[in-house]
Every structure is written in structure tokens, then in C-alpha cells.
1. Using the basic label-point model (7 angstrom from Cα toward the beta carbon), what is the Asp405 to His288 distance in nanometres?
2. Quick one: compute a quarter of the convex hull surface over the Cα atoms of segment 67-315 and quote it in nm².
3. For segment 250-282 and segment 303-366, what is the separation of their C-alpha centers, rounded to whole Å?
4. For segment 216-225, just list the computed ³J(HN,Hα) in residue order, Karplus coefficients 6.51, -1.76 and 1.60, θ = phi - 60°, integers in Hz, with x standing in for Gly and Pro.
5. Between Ile102 and Arg16, how many nm apart are label points set 7 Å from Cα along the C-beta direction?
6. State whether segment 222-329 is rounded, prolate or oblate according to the following rule on the C-alpha gyration tensor (a ≥ b ≥ c being the square roots of its eigenvalues): a/c under 1.5 gives rounded; otherwise a/b larger than b/c gives prolate, and the remaining case gives oblate.
7. Roughly how many nanometres apart are two label points built 7 Å out from the Cα toward the Cβ at Val33 and Gln8?
8. Per-residue ellipticity at 222 nm for the chain, helices alone: DSSP H runs ≥ 4 residues times -39500 (n - 2.57), over residue total, nearest 500 deg cm²/dmol?
Amino acid sequence: MTGTDDRQQIFSALGRHWNPGAATMLAAAGRAVESHATGSQVYAEDGTATLDLAGSYGVFLVGHGNPRVAAAVTETLARASAVPPGAVHPVTATLCRYLLGILPTGLDRFVLGSSGAEICEVALRAVHLARPDRRRIVVADGSYHGKTLAALSLLGQRNHRDPFEPLGSDLVVVPYGDAAAVRAAVADGSVAAVFLEPVLGGAHLTVPPPGYLREVAQDCVATGTLLVADEIQTGFGRTGQMFAVRHDDVRPDIMLLSKALTGGFVPVAVCALAGSVVDAAERHPRWHPSLLATGGPISAVAIAAAVATIEEVRDRDLPARAAELGPRLTEGLAAAVRRHPKHLRGAPGIGLMAGLRTANPAVELMVSIGLAQRGVHTGHSLNEQISEPVLRFYPPLTCTATDIDHALAALEEALTWLDRQPRALTRAVSALLRRQYRLPPALLLRLSKSPIRMDWQAG
């Protein structure tokens, strides 16, 4: 068990050596110290269980501690945890074979990496090598492709990008879901690539209109523009198809994969490229194979986790499970919006990638806290600067109908409580959110009646 003294030591260490602002907010919220997790449940040191419907924004697609992935990781760790540069491990060949069997036709060259941002940068390099006479990149407003410096140059979120300008890419930002805007942007043949999430993640969670990706793909083909599909959040069944591009039967030139591919165990990512893109890159006058390499070798443990995850997704047909259970979640959220219009604005979602569009950041926070108090963990948008943030529901695809019903019942209780509160409460919380990083940490802890002493300095 973790007592108050132990918790004090944990939060003190986090505040002094990791993230003082986060430590303050977690302590003020009374955040439990996690002990272990299995399936859809996360357990705290005091034995209480929380239903995880955040899934780390898609990482825990096959559930926490999935036995098949755990066994593969453990076996590989005992046999060959790391593969030195130049060596070959059979599991790498297996991963390539599995990917070839499930990806859209034509994506047959794979670059392995450790994070989504890293393989996003690989894709950007491939684009510039394959289209050396074009420098413009089209992205969607609100899009997210990572926070390393080159990936930031593709970010459709100005609040994250602006502090680092000028960045490298000649960026064209278009409204998400507007195929005509993409068509106009690529029409003159000066755009090297369009980077798109098949379902917009970020702070907004937007499902595009049917046919949107198909129209974009057609315009890309007509103008020789490369289409990069960022499936880091949507891949491996999250939306009810193995990959979200399949809803429009689109075959992108490049696809980015990570999050779910880790099985929740070891970071791993893949940049899947069409052979035609690699062929074009190889015609670049300064071509060298190292130009499409990542920073170092990927551990055999990570690759084994990816292989076992694909086996779990394929053998249990988890995309079909998401398609079956998805309406239970999305329709339940939509019903909550109809019952509570004072605080909710919509319920975007497809498959088991769903959310609640809230009236303001204060409502998002209070609904999130209300659910946490009732044993349900959801995914905060992590953005207090937008007007209507979307609270995420990304459960493991191994969840049950009972899990979803429990979450919806907890949501109804939290919203019913919130509806009874005066508007002054949401105004006060909104003011607090705008100033949270400037308030004295000790004051926040006193206001929240936290037992944790603030013995670190917030940055």
C-alpha cells in the first residue's frame, strides 16, 4: 500500500526532477498512484479499480498487460533483447510479412522507429527526396503529427508551433474535412505532399464526411502529390476497419503507424512507404540509403511486441469488435448530448474512437473529474485554449458491452450533478484554468485540500 508519506515522496520527486506543474495538478486532483493494470482496468495501490476508457489515446488497443504480447516480450527479452546494427533477427522478417498482409496494396517498404514523431520525420524526408522540386506541404487545421522539431513544422496547431517559428516546411493549412480546400491547394502542382489523419485527433476529434479521403486521394493522384495517411491513432481497428483509410477505399503513398502497435509494452513505430515513393527518392542526385533511416536500431523486444499485437488484432478480429461495440458507445454519448445541452455540444466518433464535445474547457475538466470519481478514466484534450474541447473515449478493443454501459451510467451521474450547479462554478473553473500555471502551487494544494505538501518549486 502507498501511504501518505510514500505519496509525498513520489510527488516531491516528480515536482523536483520531472514536471513541477504536472506534479502540482496531479496532487491537487488527488490522483491515485497506479499499481498495476489488466484488460480495461487500472488498479491503484489502495486496491481501487478504474475503468480505462482513455487508453493513452490509443496505445492500449489490445488491453493492459495483454497475455499474448506479454509472453512475446518476455521470451524475446530472455533470448535477444537487442539486435546490434547490421544483424538480422527473424522477428523483423515476421513483422514485415504481417504488415504486408494487412496494409493497403502498394505499401511494401517499411522503416522502423521508436515513436510517431520519429517516423513522421522519416515520411517528411521521403517526401522531399521523392519530390525535390516541390517544397509545400498541406496539413489540416488542428492536426497533430508529433512534437519533435521537424514534426512540429507539420503541426496544424499554432499554439504548439508558433514558439519555434520559423520552421522548415512551407506549410499550407486547410480546414479539415474540406476536400475542395485541398483541391485548391494542390492544383498548381507545387505541393509535395498532403499529410492527413483519416479521423482528426488532436483537441477536436473530427470524423470527416464520407468520401472526403477518396476525393483528396484523387486530387493527389491527378497532381502528382503524395498522400501521407497518419494512422497513429486510428490504425489496427480503432475505427471499425483495420485502417481508417479503408472506409473510403484509399491507398495512400505513405502510412504512419505507432501507438496501438506497441501492445502497450514497448514503443515502436513504422513508416510504410509505397515502392514507387522509394524508387523516386533513390533518383535524387544525393541519394543514400541512410537518408531514410531512423536514429538507431530498434530492439527485438519492441518488434516482438508489434508482431504479437498484430496477431491479437487479427486472430480476435478486433476491428469487427470495434464496429460492433462502437455504436453502443457513440450512440450513448449522443444521447447524453441530447439530455444535457447546457454543457455538451456534440458526440463525434466512429468505431471505438469517440468523444464528447464540451461547451468549454471547464466543462471538459469537471466531466473528466466527475467520471474519475466514479471509477472511469477518460482522455483529456490537453488543450485549455480552444473553445469546445473534446473529451476522449478510446477504450481497449477488448472491452465489453458491460464496460461501456458502466461508463455511460457514470457519465449520466456526473452530468446530472453538473447540470444542477450554478453557471458561476464553470466561470470560476474557467478562470482557474486560464491561470493554473501562474497560481502559486501551494495555493492550489490548499484549495483542493490535498494532503500533499508543496515542497518543490513550480516552473
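Every read-out reported here was derived from the displayed coordinates using simple, explicitly stated rules and does not represent laboratory data. None of the values given here were measured: they were computed from a predicted structure. Every residue, glycine as well, gets a Cβ built from its backbone with ideal geometry; the counts of neighbours run over all protein chains shown.
1. Label at Asp405, label at His288, 6.2 nm between them.
2. Details: hull surface 52.4 nm².
About 13.1 nm², averaged over all directions.
3. 24 Å
4. Here the 3J(HN,Hα) series is 4, 4, 5, 5, 5, 4, 5, 10, x, 8 Hz.
5. About 4.4 nm, to one decimal.
6. Working: a/c = 3.17, a/b = 1.41, b/c = 2.24.
Cα axes put segment 222-329 in the oblate bin.
7. Each label point is offset 7 Å from its Cα along the Cβ direction, giving 1.2 nm.
8. Working: 17 runs with 195 residues, N = 459.
It lands at -13000 deg cm²/dmol.
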